[in-house]
Amino acid sequence: MVNLLQPFIDMLVDVAPIVLVLFGFQVLILRQKIPNLKKVIIGFILVWIGLTLFIIGLEKALFPIGKIMADQLTAVSFIGESGSWENYYWVYIFAFSIGFSTTIAEPSLLAVAIKANQVSGGSIKIWPLRIVVAIGVAVGISLGSFRIVTGMPIHYFIITGYVVVLIQTYFTPKDIIALAYDSGGVTTSTVTVPLVAALGLGLASTIEGRNPMIDGFGLIAFASLFPIMSVLAYAQITNFLNRRKNNAL
Amino acid sequence: MKKKFVAFSNNLLNSAKDLAPIVLVIAFFQLVILQQSIPNFFDIVLGTGFVLLGLTLFIYGLNLGLFPIGEALAFSFVKKGSLVWLLIFAFALGFGTTVAEPALIAVANEAANVAQLGGLINTEADLYTYAQTLRYTVAISVGFSVLLGVLRIIKGWSLTHLIIGGYILVIIATIFAPNNIIGIAYDSGGVTTSTITVPLVTALGVGLASSIRGRNPMTDGFGMIAIASLLPIVAVMIFGMLW
């Protein structure tokens, strides 16, 4: 019974800060009553229970499945004796598929896309933006798994990525830059992160010569960096096409 | 009651949509490519059910309580006009939302497990401390990021300059950080900003940018998340140097 309750108690500590922040500022600083107090309290209880169930489910399902996929995709019986990097192509395809499909379905990305469409006065379209970001995440995660397979140091990739982003920033219309930078952080959702993290750790622990501590992390970093590039590229291309159309007229 | 039920089922449907692509991709790989059995299949199905139900309750609860208050608060502080309180609120909002961020809880626990396997941690108690310290390090740095983001909007600083500065900090920290923390640090940038943080922080940014004259919500309102994805990287590398 204690074991069953313990996760709920732990999670209370995690939810407490945000409750204190919101209630504290509302009541002590602004000196206003909380509107719909009953509803708000029910909301917090649901957040608490939901978060606990989610974390339990994560440890029972998402983490194990990520590791199982990594194990099976890298098993000698599946890829053959040679451990050369190009034999791991199903790993890259799997990483690409997971990245693309989860990002297309990502609700917080949809929310940002809708907001971007509104503030840009319709020149940023919702669907192309979602597809562009999803391609960015997919390429990012598969390149990240390639890195784990080969064991190259992560900072080479990330720092090169930064340089590319900065060069692109220089050539991109100013009003899309903030949006592009944000799309990096927005895309990696609550469900995707644990699964992708488990995939990376699984790859690093099954592939010979890799150390989970050094090689296992980093997939999420790739998934956050590449959408920035793809959104900047999307902005550059639409900008270029618009200009050409205007010149032709 | 009926309205609540409809709202709840909508949430359930949305969470299912969130999970559906993962289930489809994994099912395809399992059935068509790998053609192997999944160990502990029952546990995984049960766990997926937990994830689905947990996520639904979580988001339903957020919409019921946290989001309305958070957004109203963000607008009140913008209107109140006191810079000091606005900055304190910005820090507290970034900190509080990040501590409760489910993806961060998951990754911090996993990082602690890996650190234990790597011999960096020896006792159960240290395992817990490692995960907690990692999370609070990230939360504090997100708090500072939101504070910095608010200052940027008010002062009209260029986002590109801040980001370049952030990149340079990351590169410097990378040189000095131990190898085994670099991956976790880079990941923590993307992990921090999800379900709770993004809507509240974006509300604060866009609200602020639309209420200050001469600011454009498009160029100034966004960008908060970008800063909040960079500073945690630096902070976690510093954590790695000190642990």
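Some points to look at:
- Candidates are the residues of the stretch A:78-110 that are out of contact with any helix residue (DSSP H, G or I) (no Cβ under 7 Å at 6 or more places or on another chain) and not in a helix (DSSP H, G or I); the one that is most open to solvent (accessible area, probe 1.4 Å) is A:Glu81.
- Only one of the listed residues (A:Leu28, A:Leu51, A:Leu37) is more than 30 Å from A:Ser142 (Cβ to Cβ) and in contact (Cβ under 8 Å) with a residue 24 or more places away in the chain. That residue is A:Leu51.
- Of the residues in the stretch B:56-68, at least one is over 18 Å from the mean Cα position of the chain (by Cα), surrounded by 15 or more Cβ atoms within 10 Å (Cβ to Cβ), more than 7 Å from chain A (Cβ to nearest Cβ) and over 30 Å from B:Val25 (Cα atoms).
- Selection of first residues in the stretch B:35-49 that are facing another protein chain (nearest Cβ under 8 Å) and of second residues that are in a loop (DSSP other than H, G, I, E, B) and surrounded by 15 or more Cβ atoms within 10 Å (Cβ to Cβ), restricted to Cβ pairs under 7 Å at least 6 apart or on distinct chains, gives the following pairs, ordered by first then second residue: B:Ile44/B:Ile38.
- Residues of the stretch B:8-52 satisfying the condition of being open to solvent by less than 30 Å² (accessible area, probe 1.4 Å) and of a type in the set (Asp, Glu): B:Asp18
- Conditions (1) open to solvent by 50 Å² or more (accessible area, probe 1.4 Å); (2) under 20 Å from A:Ile214 (Cβ atoms); number of the one not met by B:Leu127: (1)
A quick yes/no check of all residues on (1) of a type in the set (Asp, Glu); (2) under 22 Å from A:Pro227 (Cβ atoms); (3) in a loop (DSSP other than H, G, I, E, B):
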residue: B:Val146; (1), (2), (3): no, yes, no
residue: B:Ile153; (1), (2), (3): no, no, no
residue: B:Trp157; (1), (2), (3): no, no, yes
residue: B:Ile163; (1), (2), (3): no, yes, no
residue: B:Ile168; (1), (2), (3): no, yes, no
residue: B:Ile182; (1), (2), (3): no, yes, no
residue: B:Ala185; (1), (2), (3): no, yes, no
residue: B:Gly190; (1), (2), (3): no, yes, no
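- Restricting B:Val138, B:Val170, B:Val142 to those that are within 21 Å of B:Phe67 (Cα to Cα), touching a residue at least 60 places away in the same chain (Cβ under 8 Å) and open to solvent by less than 10 Å² (accessible area, probe 1.4 Å) reduces the list to B:Val142.
- One residue from A:Leu73, A:Leu30, A:Leu51 being open to solvent by less than 40 Å² (accessible area, probe 1.4 Å), at pLDDT below 85 and either at the interface with chain B (Cβ under 8 Å from one of its Cβ atoms) or within 26 Å of B:Phe91 (Cβ to Cβ) (or both): A:Leu30
- Among (1) open to solvent by less than 10 Å² (accessible area, probe 1.4 Å); (2) without any contact (Cβ under 8 Å) to a residue 40 or more places away in the chain - the single one B:Ile181 does not satisfy: (2)
- Flag for A:Gly202 being open to solvent by less than 10 Å² (accessible area, probe 1.4 Å) and either touching a helix residue (DSSP H, G or I) at 6+ places or on another chain (Cβ under 8 Å) or of a type outside the set (Val, Ile, Thr) (or both): yes
The values are calculated or read from the model by the stated rules, or taken from the named source; none is laboratory data. None of the values given here were measured: they were computed from a predicted structure. When we count neighbours, we look across all protein chains shown, and the Cβ atoms used for this are built from the backbone with ideal geometry, even at glycine. The area values use the complete protein model at the heavy-atom level, side chains included, leaving out ligands, DNA and RNA. Shrake-Rupley method; radii C 1.70, N 1.55, O 1.52, S 1.80 Å.
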